[in-house]
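I have placed the structure first, in the form of structure tokens, so that the comments after it can refer back to it.
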There are 2 protein chains.
Amino acid sequence: MSARGVRAPVAVVARDTGKTCAQRCPGVRSMIARRRALVTPRASSTAKEAAATVRVDLGDRSYPILIGSGLLDDGVALREHVTSSTALVVTNETIAKLGYLERTVKALEGGDEKIRVETVVLPDGEEHKNLDVLNMVYTRALETRLDRGTTFVALGGGVIGDMTGYAAASYQRGVKFVQIPTTVMAMVDSSVGGKTGVNHALGKNMIGAFYQPECVLIDIDALQTLPDREFASGIAEVVKYGLIRDGPFFEWLEANVDKLLARDADAIVYAVERSCINKAEVVAADEKEGGVRATLNLGHTFGHAIETGLGYGEWLHGEAVSAGMCMAADMSLRLGWIDSSLKDRTINLLKKCNTPIEVPEEMTIQTFMDLMAVDKKAANGKLRLILLKGPLGECVFTGDFDQTKLRETLDAYVKK
Amino acid sequence: MSARGVRAPVAVVARDTGKTCAQRCPGVRSMIARRRALVTPRASSTAKEAAATVRVDLGDRSYPILIGSGLLDDGVALREHVTSSTALVVTNETIAKLGYLERTVKALEGGDEKIRVETVVLPDGEEHKNLDVLNMVYTRALETRLDRGTTFVALGGGVIGDMTGYAAASYQRGVKFVQIPTTVMAMVDSSVGGKTGVNHALGKNMIGAFYQPECVLIDIDALQTLPDREFASGIAEVVKYGLIRDGPFFEWLEANVDKLLARDADAIVYAVERSCINKAEVVAADEKEGGVRATLNLGHTFGHAIETGLGYGEWLHGEAVSAGMCMAADMSLRLGWIDSSLKDRTINLLKKCNTPIEVPEEMTIQTFMDLMAVDKKAANGKLRLILLKGPLGECVFTGDFDQTKLRETLDAYVKK
């Protein structure tokens, strides 16, 4: 896929929405200009170019998201953002076995003997996203005597990204870090925006920090080895952007979901880029989730309850969010905030994605209520939810809703 | 002790140094003005006034340190800085048994039924400053459903302050917190400046965050129940300020150490205030320890090696720092950077404080070398130390020294 190959869909973004990303959020304008500049062929460069670059605009903590094919092995882009003489690559058993760890170490070293790259391989899965496994990262860093000037590199999916980011935020009170996401979920969501952390037995992501990476390097080739179930789980988060703020993207997904699930490279780059643009805009507007950032959690309050209730690792995060978004759409309809067609379209698209549109049988209403009560978005003990309201692409974050409708949704979705 | 009772020594600060705090650091000027304003009698107020207020100047993260007698039970100052409807007081078994926990809860509630105050009591001691015990704080906060709007209150010594601050930095990615230090060590050092964290088996304070409190409330009455050994340990950190940047304060300590150890209230308020002023100036100039803040760690690299080498809890932090400062003075003399009289005065003053001036017998040179190599101040694998250089009150933070002198100091101090 050429660097030019992905420009066409970006132009479509502007036409489809009527309102471009740049119009919505002025900070993105420079980003788009920069992206255009990037596709100008550079005759003298041998480095692999990113097909697209999205900039997350956070003042002196701004950073680029590089998206393309072959970026990992090339190494030039990576070494541009890892300037320390040591690095610690954090990954999991699955990724290591697939050869990505070795390739990342090689790319970081770049043949320079003065660069020392250490590695730590964690067990794979959400059920290992806890303080005990996090401690393995600190231990490795201390055993290999990495000092404050080092860089941590997250190589993996959302769990590895969140844990490595939090380890970086807290190791010696903060070292630099870089994200190399290897799953759709991590590429379109968790690697961008600086939310890092681990789970607690009583709640998901309850321990963490806002901590921004130096850069996010997305090599879409890594998706070639991703199991179908995980791929689909990530697409559920992509659907979310359409629902909460980008109606035309939702429509594009309705038309292109088969192509996407067939892993068409152009479709993937487009979906990843457009997701990242949406996420970057939201994060730039509200880094620490004082308001609009919460909308990125559509379906997540229901979803987190499912994940925690089942025990981490039973359902993938995107699977739980998929069911959660159906519940949010259902509740929005009951509140009279959306047309029934929007609920139907939501469920139909997620069905096509092969992600759950119902809640697991084991869940009880009591479990839902208990787990939702400790959600981070609660304020003064009052539950707040992201719900759809208005036409496709619009939502609200509110605690101001008829509680009986929540109960009706739970009654409709929960078997026990 | 009247509020006016402590103004005289502050005036002495200005006279003694020739260079006032305000001249050294412009940000402190407003602080001093504010302190003066505070001592103006307020006819209509029934609230207990702080005898002194020191302001830590960090832009939008600035906060006051209130120092006085009876501040805890009064509660007005505390409630001014804890504005949430819930709070979690974190303390240890010792402090709880002495009745401070109950008094703090009462002060926070202030008779208002709408305010919910939860508590968690941790085991006492540096050996419990780890991730497992930290998890008790998260668990309690989640069990009692405290949301992002809550405030954590650290009631105790340095260990409780560091752990509570770090728990606050990381619980739901950050909640507010307030420090109520109950030891000399915490009052003069650890509660001020936002360094929070826990230990790792391989190194002290290796996991943490820079996270500033809303306020530090120092009620010197709490020192009445502090054991002599802990009191003396804290005074070692007070001596440090004299050595690194405040020669006249060192001289005041030489003249008043007996009064201080006899727990004279005026002497305590003066020593605490002057220590806080010194610390606040350094922190305001260099919050994240890019440079000058490192000088606050005089003796700490040696000291941390002793603490870690012996196992946390064997020696108190200030005891290890006391021996470490003797080693730093010794090495500074060997480098020809100070007169022998300064080394002698350092050792004599610490001897008077009843804190160690020699290293524990169990320590080996190899243990020192291994543990010092993972010190956070190392850069690119090179050990950096704070050493005295020049007349009393001056020091340097450097990795540029003759390594054989470090070895000579270790040979002189370490038995094995």
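Numbers for the structure displayed
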{"quantity": "Subset of the stretch B:58-78 [free of Cβ contacts under 8 Å to residues at least 60 places away in the same chain and open to solvent by less than 20 Å² (accessible area, probe 1.4 Å)]", "calculated": "B:GLY75"}
{"quantity": "The lone exception for B:GLY336 - which of (1) surrounded by 19 or more Cβ atoms within 10 Å (Cβ to Cβ); (2) within 22 Å of B:ARG245 (Cα to Cα); (3) over 25 Å from the mean Cα position of the chain (by Cα) it fails", "calculated": "(1)"}
{"quantity": "Tally of residues being surrounded by fewer than 24 Cβ atoms within 10 Å (Cβ to Cβ) and on the phi > 0 side of the Ramachandran plot across the stretch B:172-192", "calculated": "2"}
{"quantity": "Selected residue [within 14 Å of another protein chain (Cβ to nearest Cβ), free of Cβ contacts under 8 Å to residues at least 12 places away in the same chain and open to solvent by 20 Å² or more (accessible area, probe 1.4 Å)] from A:ASP132, A:ASP112", "calculated": "A:ASP132"}
{"quantity": "Residue match in the stretch A:390-408 (condition: over 22 Å from A:LEU253 (Cβ atoms) and touching an Asp or Glu at 6+ places or on another chain (Cβ under 6 Å))", "calculated": "no"}
{"quantity": "Residue match in the stretch B:276-291 (condition: in contact (Cβ under 8 Å) with a residue 60 or more places away in the chain and out of contact with any helix residue (DSSP H, G or I) (no Cβ under 9 Å at 6 or more places or on another chain))", "calculated": "yes"}
{"quantity": "Residue within the stretch B:144-163 that is of a type outside the set (Asp, Glu), under 20 Å from B:VAL198 (Cα atoms), within 14 Å of chain A (Cβ to nearest Cβ) and part of a helix (DSSP H, G or I) present", "calculated": "yes"}
{"quantity": "Matching option when the condition is at pLDDT below 95 and not assigned by TED's automatic domain parsing to the domain that holds B:MET372, among B:GLY193, B:GLY208", "calculated": "B:GLY193"}
{"quantity": "Pairs, first free of Cβ contacts under 8 Å to residues at least 60 places away in the same chain in the stretch B:245-271, second part of a helix (DSSP H, G or I) and of a type in the set (S, T, N, Q), C-beta under 7 Å, six or more apart", "calculated": "B:ALA267/B:ASN256"}
{"quantity": "Failed item in (1) in a helix (DSSP H, G or I); (2) within 14 Å of chain B (Cβ to nearest Cβ); (3) open to solvent by 30 Å² or more (accessible area, probe 1.4 Å); (4) among the charged types (D, E, K, R), with A:LYS106 passing the rest", "calculated": "(2)"}
{"quantity": "Residue selected from the stretch B:308-359 under the condition acidic (Asp, Glu) and modelled with pLDDT of 95 or more, by the criterion nearest to B:ILE160 (Cα to Cα)", "calculated": "B:GLU319"}
{"quantity": "Where A:VAL238 falls short, out of the listed (1) over 24 Å from A:LEU371 (Cβ atoms); (2) touching a residue at least 60 places away in the same chain (Cβ under 8 Å); (3) not assigned by TED's automatic domain parsing to the domain that holds A:LEU108", "calculated": "(2)"}
{"quantity": "Matching residues, the stretch A:195-204, being of a type in the set (S, T, N, Q) and touching a helix residue (DSSP H, G or I) at 6+ places or on another chain (Cβ under 7 Å)", "calculated": "A:THR196"}
{"quantity": "Qualifying positions in the stretch A:204-218 - away from chain B (no Cβ under 14 Å) and either open to solvent by 10 Å² or more (accessible area, probe 1.4 Å) or out of contact with any strand residue (DSSP E or B) (no Cβ under 9 Å at 6 or more places or on another chain) (or both)", "calculated": "A:GLU214"}
{"quantity": "Subset of the stretch B:88-100 [under 16 Å from B:GLY158 (Cα atoms) and among the hydrophobic types (A, V, I, L, M, F, W, C)]", "calculated": "B:VAL89, B:VAL90, B:ILE95, B:ALA96"}
{"quantity": "Counted residues, the stretch B:165-203 - those being within 14 Å of chain A (Cβ to nearest Cβ), polar (S, T, N, Q) and either in a strand (DSSP E or B) or within 12 Å of B:ASN130 (Cα to Cα) (or both)", "calculated": "2"}
{"quantity": "So A:GLU230, is it farther than 27 Å from A:ALA305 by Cα and either crowded, with 24+ Cβ neighbours inside 10 Å or among the acidic types (Asp, Glu) (or both)", "calculated": "no"}
{"quantity": "Residue satisfying all of: in the stretch A:367-398; away from every other protein chain (no Cβ under 14 Å) and of a type in the set (Val, Ile, Thr); surrounded by the most Cβ atoms within 10 Å (Cβ to Cβ) among these", "calculated": "A:ILE386"}
{"quantity": "Selection count where residues are of a type in the set (Gly, Ala, Ser), within 21 Å of A:LEU392 (Cα to Cα) and open to solvent by 10 Å² or more (accessible area, probe 1.4 Å), scope the stretch A:248-286", "calculated": "1"}
{"quantity": "Hey, B:ASP266 farther than 26 Å from B:MET372 by Cα, in a helix (DSSP H, G or I) and at pLDDT below 95 or not", "calculated": "yes"}
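Condition check ((1) among the β-branched types (Val, Ile, Thr); (2) within 18 Å of A:ILE218 (Cα to Cα); (3) in contact with a strand residue (DSSP E or B) (Cβ under 9 Å, 6 or more places away or on another chain)) across all residues:
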{"site": "A:GLU251", "(1), (2), (3)": "no, no, no"}
{"site": "A:LEU260", "(1), (2), (3)": "no, yes, no"}
{"site": "A:ASP266", "(1), (2), (3)": "no, yes, no"}
{"site": "A:GLU287", "(1), (2), (3)": "no, no, yes"}
{"site": "A:ASN297", "(1), (2), (3)": "no, no, yes"}
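The values are calculated or read from the model by the stated rules, or taken from the named source; none is laboratory data. All values derive from a computational prediction rather than experimental measurement. FYI the Cβ positions are ideal-geometry reconstructions off the backbone, even for glycines, and counts take in every protein chain you see. When the accessible area is computed, the model is the full protein with side chains, heavy atoms only, and any ligands, DNA or RNA have been set aside. Shrake-Rupley method; radii C 1.70, N 1.55, O 1.52, S 1.80 Å.
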